[in-house]
There are 2 protein chains.
Amino acid sequence: MKIAIAQLNFHIGNFEGNLRKMLKATAEAKGKSADIIVFGELATCGYPPRDFVEFKDFIRLSEESVDELRQASEGIGIIVGSPTINPELQGKDHHNSVYFLYNGETILLQHKTLLPTYDVFDEYRYFEPSKKHQTVMFKGKRIALTICEDLWNVGNENPLYTTVPMDIMMKDNPDLMINVSASPFDYDHAADRLEVLRANVNQYHIPLFYSNICGAQTEIIFDGGSVVFSPDGSVYDEMPYFKEEIRYYQLEDVMKGGYHREQPKDKFTLIHDALIMGLQDYFGKLGLKKAILGLSGGIDSAVTAVMATRALGKENVRGVLMPSAFSSKHSVEDAKALAENLGIRYDIIPIAKPYDAFLETVKDVMEDKPFDVTEENIQARCRGVILMAIANKHGYILLNTTNKSEMAVGYGTLYGDLAGGISVLADIYKTEIYQLAAYINKDEKVIPESSITKPPSAELRPGQKDSDSLPEYSTLDPILYCYIERRLGPEEIIEFGYEEKLVRRILRLVNINEFKRHQTAPVLRVSPKAFGVGRRVPIVAKYLS
Amino acid sequence: MKIAIAQLNFHIGNFEGNLRKMLKATAEAKGKSADIIVFGELATCGYPPRDFVEFKDFIRLSEESVDELRQASEGIGIIVGSPTINPELQGKDHHNSVYFLYNGETILLQHKTLLPTYDVFDEYRYFEPSKKHQTVMFKGKRIALTICEDLWNVGNENPLYTTVPMDIMMKDNPDLMINVSASPFDYDHAADRLEVLRANVNQYHIPLFYSNICGAQTEIIFDGGSVVFSPDGSVYDEMPYFKEEIRYYQLEDVMKGGYHREQPKDKFTLIHDALIMGLQDYFGKLGLKKAILGLSGGIDSAVTAVMATRALGKENVRGVLMPSAFSSKHSVEDAKALAENLGIRYDIIPIAKPYDAFLETVKDVMEDKPFDVTEENIQARCRGVILMAIANKHGYILLNTTNKSEMAVGYGTLYGDLAGGISVLADIYKTEIYQLAAYINKDEKVIPESSITKPPSAELRPGQKDSDSLPEYSTLDPILYCYIERRLGPEEIIEFGYEEKLVRRILRLVNINEFKRHQTAPVLRVSPKAFGVGRRVPIVAKYLS
């Protein structure tokens, strides 16, 4: 039996595009005499469809795609995820389902049982869990078909669910497992995923064909890395990350094992490649091409510019240098050097005139109070207005260059440097930005050395440095990581040896700045806990604040 | 048996404040010889606690509050909602629970079974549903204790869940039901809630004591309206909306029925009062006092200013008139008249200087392209910068004045008129804003007549009117309502007789402007489907777009 895993990049709601991709892949697989082709979870409509599931029209369009695929299933088994209507009156109105189509018929319709409802996932918002677990006989082999999370209750001491679908399916003595997934990237997830899948294979001693999607949907990046396990628990093949591909496997070869091909998992290679896919899909799926960003001469805007240039091409990226009276000479020089290294267009537009005009305009209402964060914010907002003006006039999308450390503690100006259509680095701590810059510079010095070595500064008042108002990033970031990624409370963090006053101050900064994060762009997610849809915290609360 | 329902306004994470309120209420109830006092759902920690539930520290603090209440339960039964740890390894780590405390002991700990996971609710993200359903004997009466949604699977032809907790509890033949709730307001919800509760009473024929919370938590407004039903299905008493109160009921009197006291449910009275509570709690719970807003002379900013003045007091509200070359004379006059009617401070700050300075600054990069939305946005953003400057310098919070129709179709400028800390009217369609204005003006003409009667205009170019780029609101709003509140697709809306091209254009505008709504302030929720946390739609999608 020859099984094709089609690791494809679908687009939410783009039924025609998604169907076209699957029909093309099916034709190719037929040409290669595959017996089965496996697409990902909710492949017809794209994952995650979110509240679109609540529209009858959206479900109808998904079903029409399944109808087309059913017609294309002459001589080949097509396994494809799609939302379906729950025929029972009780429970949620829909199922997250997988179809096994063959010779114009549905030979199995299996619903998802374990519905991830945590972090970026909201599946129980939409779907009723399956109560039935059936296997299917196909060309002499019994197949256990599951959807993504259905395998995640195995190999876990504190499982999230009270049932294990594969335990039930094993009563039928299946010969192999096939799983269709939409499992998103974070820099730990590919390794974690392999562990969970291996635990299943070690539990059930049958091979596993795991088909993941790739591609970004706004902030969530799916990395692919579809994988085939031999029954002895070894990885027979792991498909590439961040790349569409179809691979073919002979079940008989997979059964034998002994072949071992895993993808490398270097953290910053993964993050780098994830950001590129994230940017390409944000622009590509919205039908956009051109990005603009402010270049301050600092490391964050430099790394953002590099990522944008690699994702979109240098002809589609434009930098704007907007010096003020407080900008140092080296800032402009570093920003120019970067733009020249990248070969991107840049403009130098000083902000003095609008800044002065604002000061004059609000002079009376400022009531002679001294220079403070107000005037700093006016500068940042002048830059925001200029960037948005060029973006509006010429059809650019503004890239936000904020990093995760700043985003966490609210070190940034709403409607100023926090503006932008998509936030490229806001899931990457400042200390990690340095590592990413080193990765970028490893073969060729793209980012000017002094952007990397100079002390970080917003340059919004004379001689300002980030360390005037924040602890050093080498102290700040680990504390943020404990609170955000690990969800540890103050006592637990203090127990690691951090100073109590500092810990409480940082946690307070994170919590009181939730109102800023509420109004910022979607953040390309690369960590296990990114700001945005996967982290839901009240604004009006009095906790650690 | 005397039962006290304590309808209180809790604050998320404010353990000390919440506990203090409950101890005070308990002391009062003891003084009045109550046998039981009933607080709301998750009263210890405030509802909805969101991801704070994932912090051990947060759960520990909730448990400490329960310990204090347990000590205070000498001689009185205290019924209080609080999160607890799920002792089982399988399933979610926590329960949404209710304690029955008496004489220093826990006499019942019941977990919630039906976990709302739709619209603004995310409960299955955090909580494991209860599998055990116990009743408790107290002073000769058997009590069935449930939490909010646990009663919502009755009287519903298409129920969301597959179990009915009360059906199970009825096997113990309870004498009465007590329910602790956190049921949020929308202008239909008080009536809907009574229907659901009545269906329970008619099903089980025992009295119901339903204790809801009141108060706003960021965008979600809880209206109270706690209610007591006699076993014959009649409302014995409905407590006021948007108000803390403790009321006492003799079970024997409730059993008799015949007494009937419901609250009036006029839509615009409810919306008006909801917005006031929403604003008071946004400011009050954040420890803030003062609001600022732009006054354009139009109806939206006028209604916002009225609501703010009624919520915060005229001494705490400041209006800013920011005319441009395109502002009509009557706009400034109408805005002044409004401010004077309200007795609020106002400033007149023309935007010409920064606007001209921006035009000059970006002149070269505009490449002689004609005046378009770019220049309109620059004006709106100049106003945003001025408002934020005054807000930053003097400690105001900027109120956003956008309405739901504009928010839906993206008729607004990001970082300009879409700026603000809280959006007061963005869940109210333009046609409803007129009705709210009429309600406000019913006794006294607070809003100038011409703000109400003149054609809506953004005044960002000469002679501009909203109807230049949008259909009339009387056509737009019903179509938006079909799509947003009713979640109907294009075919279904067209079947109502709307022109196909228009429907498709409007639905497309809604979908392609999701990126704007992603970056706007929280919206005070008054409808069954508000923009924000209760409506989750992908930005990068190709559906009706």
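A compact table of results
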{"item": "Residue that is farthest from the other protein chains (Cβ to nearest Cβ), among those in segment A:328-362 that are of a type outside the set (D, E, K, R) and without any contact (Cβ under 8 Å) to a residue 24 or more places away in the chain", "result": "A:Leu359"}
{"item": "So A:His11, is it within 14 Å of chain B (Cβ to nearest Cβ) and assigned to a strand (DSSP E or B)", "result": "no"}
{"item": "Some residue of segment A:134-142 being under 30 Å from B:Thr163 (Cα atoms) and touching a residue at least 40 places away in the same chain (Cβ under 8 Å)", "result": "no"}
{"item": "Residue in segment A:301-317 that is more than 14 Å from A:Leu398 (Cβ to Cβ), more than 14 Å from every other protein chain (Cβ to nearest Cβ), in contact (Cβ under 8 Å) with a residue 40 or more places away in the chain and touching a Ser or Thr at 6+ places or on another chain (Cβ under 6 Å) present", "result": "yes"}
{"item": "Residue ID - nearest to the other protein chains (Cβ to nearest Cβ), chosen from residues in segment B:363-387 that are free of Cβ contacts under 8 Å to residues at least 40 places away in the same chain and not in a helix (DSSP H, G or I)", "result": "B:Lys369"}
{"item": "Residue in segment B:44-63 that is touching a strand residue (DSSP E or B) at 6+ places or on another chain (Cβ under 7 Å), away from chain A (no Cβ under 13 Å) and under 23 Å from B:Glu244 (Cβ atoms) present", "result": "no"}
{"item": "Single unsatisfied condition, B:Ala305 versus (1) within 24 Å of B:Glu244 (Cβ to Cβ); (2) of a type in the set (A, V, I, L, M, F, W, C); (3) part of a helix (DSSP H, G or I)", "result": "(1)"}
{"item": "Some residue of segment A:439-447 being of a type in the set (Phe, Trp, Tyr), under 24 Å from A:Leu275 (Cβ atoms), assigned to a helix (DSSP H, G or I) and within 28 Å of the chain's Cα centre (by Cα)", "result": "yes"}
{"item": "Residues (under 22 Å from B:Glu367 (Cβ atoms) and within 30 Å of the chain's Cα centre (by Cα)) located in segment A:348-392", "result": "A:Arg383, A:Gly384, A:Val385, A:Ile386, A:Leu387, A:Met388, A:Ala389, A:Ile390, A:Ala391, A:Asn392"}
{"item": "Segment A:476-488, subset of a type outside the set (Lys, Arg) and either in contact (Cβ under 8 Å) with a residue 24 or more places away in the chain or in contact with a Ser or Thr (Cβ under 7 Å, 6 or more places away or on another chain) (or both), residue farthest from A:Asp188 (Cα to Cα)", "result": "A:Leu476"}
{"item": "Enumerated helices (runs of 4 or more DSSP H) restricted to segment B:463-543, each holding at least 2 residues that are more than 25 Å from A:Pro522 (Cα to Cα), modelled with pLDDT under 95 and not hydroxyl-bearing (Ser, Thr, Tyr)", "result": "B:466-469"}
{"item": "Qualifying residue in segment B:482-492 (condition: over 28 Å from the mean Cα position of the chain (by Cα) and among the hydrophobic types (A, V, I, L, M, F, W, C))", "result": "no"}
{"item": "Single residue of segment A:514-528 satisfying the filter (buried (at least 21 other Cβ atoms within 10 Å of the Cβ), touching an Asp or Glu at 6+ places or on another chain (Cβ under 9 Å) and not small (Gly, Ala, Ser)) that is nearest to the other protein chains (Cβ to nearest Cβ)", "result": "A:Pro522"}
{"item": "Filter result (within 30 Å of B:Glu219 (Cβ to Cβ) and touching a helix residue (DSSP H, G or I) at 6+ places or on another chain (Cβ under 7 Å)) within segment B:126-143", "result": "B:Tyr126"}
{"item": "Within segment A:529-545, considering residues that are at the interface with chain B (Cβ under 7 Å from one of its Cβ atoms) and in contact (Cβ under 8 Å) with a residue 12 or more places away in the chain, the one nearest to A:Thr413 (Cα to Cα)", "result": "A:Ile539"}
{"item": "Subset of segment B:83-99 (residues that are part of a strand (DSSP E or B) and either buried (at least 23 other Cβ atoms within 10 Å of the Cβ) or in contact with a Pro (Cβ under 9 Å, 6 or more places away or on another chain) (or both))", "result": "B:Pro83, B:His94, B:His95, B:Asn96, B:Ser97, B:Val98, B:Tyr99"}
{"item": "So B:Leu507, is it surrounded by 21 or more Cβ atoms within 10 Å (Cβ to Cβ), farther than 29 Å from B:Ala190 by Cα and touching a residue at least 12 places away in the same chain (Cβ under 8 Å)", "result": "yes"}
{"item": "Residue under evaluation B:Ala325, criteria (1) under 35 Å from the mean Cα position of the chain (by Cα); (2) farther than 21 Å from B:Lys430 by Cα; (3) away from every other protein chain (no Cβ under 14 Å); (4) surrounded by fewer than 17 Cβ atoms within 10 Å (Cβ to Cβ), criterion not met", "result": "(1)"}
{"item": "One residue from B:Gly278, B:Gly284 being within 25 Å of the chain's Cα centre (by Cα), outside any loop (DSSP other than H, G, I, E, B) and free of Cβ contacts under 8 Å to residues at least 24 places away in the same chain", "result": "B:Gly284"}
{"item": "Residue among B:Arg345, B:Arg318, B:Arg310 that alone is surrounded by fewer than 23 Cβ atoms within 10 Å (Cβ to Cβ) and within 25 Å of A:Glu367 (Cα to Cα)", "result": "B:Arg345"}
{"item": "Of residues in segment A:176-205 being surrounded by fewer than 24 Cβ atoms within 10 Å (Cβ to Cβ) and aromatic (Phe, Trp, Tyr), the one farthest from A:Gly257 (Cα to Cα)", "result": "A:Tyr187"}
{"item": "Selection from segment B:144-202 of residues that are among the β-branched types (Val, Ile, Thr) and either out of contact with any helix residue (DSSP H, G or I) (no Cβ under 6 Å at 6 or more places or on another chain) or within 20 Å of B:Val38 (Cα to Cα) (or both)", "result": "B:Thr146, B:Ile147, B:Thr162, B:Thr163, B:Val164, B:Ile168, B:Ile178, B:Val180, B:Val196, B:Val201"}
{"item": "Residues satisfying the stated conditions in segment A:173-198, i.e. hydrophobic (A, V, I, L, M, F, W, C) and under 25 Å from the mean Cα position of the chain (by Cα)", "result": "A:Ile178, A:Val180, A:Ala182, A:Phe185, A:Ala190, A:Ala191, A:Leu194, A:Val196, A:Leu197"}
{"item": "Residue match in segment A:67-82 (condition: in contact (Cβ under 8 Å) with a residue 24 or more places away in the chain, over 29 Å from the mean Cα position of the chain (by Cα) and over 24 Å from A:Ile246 (Cβ atoms))", "result": "no"}
{"item": "Residue within segment B:265-277 that is touching a strand residue (DSSP E or B) at 6+ places or on another chain (Cβ under 8 Å) and surrounded by fewer than 16 Cβ atoms within 10 Å (Cβ to Cβ) present", "result": "no"}
{"item": "Residue within segment B:390-404 that is hydrophobic (A, V, I, L, M, F, W, C), more than 23 Å from B:Asn316 (Cβ to Cβ) and either in contact with a helix residue (DSSP H, G or I) (Cβ under 6 Å, 6 or more places away or on another chain) or not in a helix (DSSP H, G or I) (or both) present", "result": "no"}
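The values are calculated or read from the model by the stated rules, or taken from the named source; none is laboratory data. What you see is a predicted model; the values in this text were computed from it and never measured. Here the Cβ is made from the backbone with ideal geometry for all residues, glycine too, and neighbour counts use every protein chain on show.
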